[in-house]
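Encoded as structure tokens, the structure appears first; notes follow it.
Every number in this text was worked out from the coordinates using simple rules, so none of it is lab data. This is a predicted model, so every value here is computed, not measured. In this analysis, Cβ positions are derived from the backbone assuming ideal geometry, glycine residues included, and neighbour counts consider all displayed protein chains.
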Amino acid sequence: MSKPIKALLFDKDGTLFDFQATWGVWCDGFIADVSEGDAVMAAALAKAMDYDLENSAFLPSSVMITDSMDGIMDAVHSALPHWDRDALTQYVIETGSLAPQSPVVDLGPLLGRFRANGLKIGLATNDNEAPARAHLTSVSVLEYFDFVSGCDSGFGAKPEAGMLLGFADAMGLQPSEIAMVGDSTHDLRAGRAAGMVNIAVLTGPAVADDLAPHADIVLQNIGEIPEWLGLE
């Protein structure tokens, strides 16, 4: 690192929260609700979302992992054309906001440690901003964040760099003083485009071989960041 890290910008799903443990539960319930016992419809929806119903697991290619809300809704609505798209989007947002979150580590003490060491903390997610804030609130950590951006916050979506540069501007920092922390190549491509340090974590669907070419360091989870940074 040419400059000391002064801020950390986190992805949400697969980074702060275990992706499969959180969204697999939601997806099982969502598919059951909207298919209303129709096995053909359930199978079509699972296929559109690249979701393995039998094992309650998202495939690495799933739109839930790789895309923003608009892309997710394109896929979901394609399997549920009888739904009004706006109503379906609202249903997805409302139920998703209530999805029980499974933090990868005890977030409060970790985020508090970052703050105690003078680091600014931000969130950049391809989820919408309101559900993101709801998820952070549900585990009592929203107060630790200086910046929260979703794909609907006006900065665009990853892998474009808009959210990341918005965070840098808001904090008055150079991108090179910030580490982007994420579990997907979308996160890391955005980090590279913004000129940030990239920290990859293995708490999402991607494996180390996928992430390493785009990362400055690959860690098991965000709990290893303090040691890597040499924090007190």
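Rank these for me by crowding, 65, 121, 217, 178, going from fewest to most other beta carbons within 10 Å.
Values: 65 23, 121 19, 217 16, 178 27.
So the residues, fewest neighbours to most, are 217, 121, 65, 178.
Which order do 138, 78 fall in if you start with the one that has the fewest other Cβ atoms within 10 Å?
Listed from fewest to most nearby Cβ atoms, that is 78, 138.
Of the residues 190, 44, 161, which exhibits the maximal mean-square fluctuation in a Gaussian network model of the chain defined by a 10 Å Cα contact cut-off?
44
Normalised radius of gyration for the chain, please: alpha carbon Rg relative to 2.2 N^0.38 Å, two decimal places.
Cα Rg divided by the expected 2.2 N^0.38 Å: 1.00.
Between the range 45-67 and the range 94-141, what is the separation of their alpha carbon centroids in Å?
The distance from the Cα centre of the range 45-67 to that of the range 94-141 comes to 23 Å.
Does the range 99-232 classify as rounded, prolate or oblate by the C-alpha gyration tensor (a ≥ b ≥ c root eigenvalues; a/c under 1.5 gives rounded; else a/b over b/c gives prolate, otherwise oblate)? All intermediate terms of the calculation are to be shown ahead of the outcome.
Details: a/c = 1.16, a/b = 1.03, b/c = 1.12.
Rounded, because the longest to shortest axis ratio a/c is under 1.5.
Could you tell me the extents of the range 49-93's C-alpha atoms along the three principal axes, largest first, rounded to whole Å?
Sorted from largest, the Cα extents of the range 49-93 read 29, 21, 16 Å.
Per the helix-only calculation at 222 nm, which mean residue ellipticity applies to the chain, given -39500 (n - 2.57) for every DSSP H run of n ≥ 4 and division by its residues, nearest 500 deg cm²/dmol? Present the calculation step by step, with values, prior to reporting the outcome.
On the way: 11 runs with 104 residues, N = 232.
That calculation yields -13000 deg cm²/dmol at 222 nm.
Mind putting a number on the dipole of the range 3-47 about its Cα centre? Charges go on the C-beta only, +1 for Lys and Arg and -1 for Asp and Glu, and I need it in Debye to the nearest 20.
Here the range 3-47 has a charge dipole of around 500 debye.
If you build the Cα gyration tensor of the range 20-97 and take the root of 5 times each eigenvalue, what three semi-axes come out, in whole angstrom, biggest first?
Taking √(5λ) for each Cα gyration eigenvalue gives 16, 15, 12 Å.
Taking the Cα atoms only, what angle lies between the long axis of helix 107-116 and the longest principal axis of the chain, rounded to 10 degrees?
With both axes taken from Cα atoms, the answer is about 30 degrees.
Under unit Cβ charges (Lys, Arg +1; Asp, Glu -1), what dipole magnitude, rounded to 20 debye, does the range 1-92 have relative to its Cα centre? Walk me through the numbers before you get to the answer.
On the way: 5 positive and 15 negative charges, 115 e Å.
Computed about the Cα centre, the dipole is about 560 debye.
How big is the charge dipole of the chain about its Cα centre, in debye rounded to the nearest 20, if each Lys and Arg gets +1 on its Cβ and each Asp and Glu gets -1 on its Cβ?
About 800 debye.
Fewest to most neighbouring Cβ within 10 Å: what's the order for 17, 167?
17, 167
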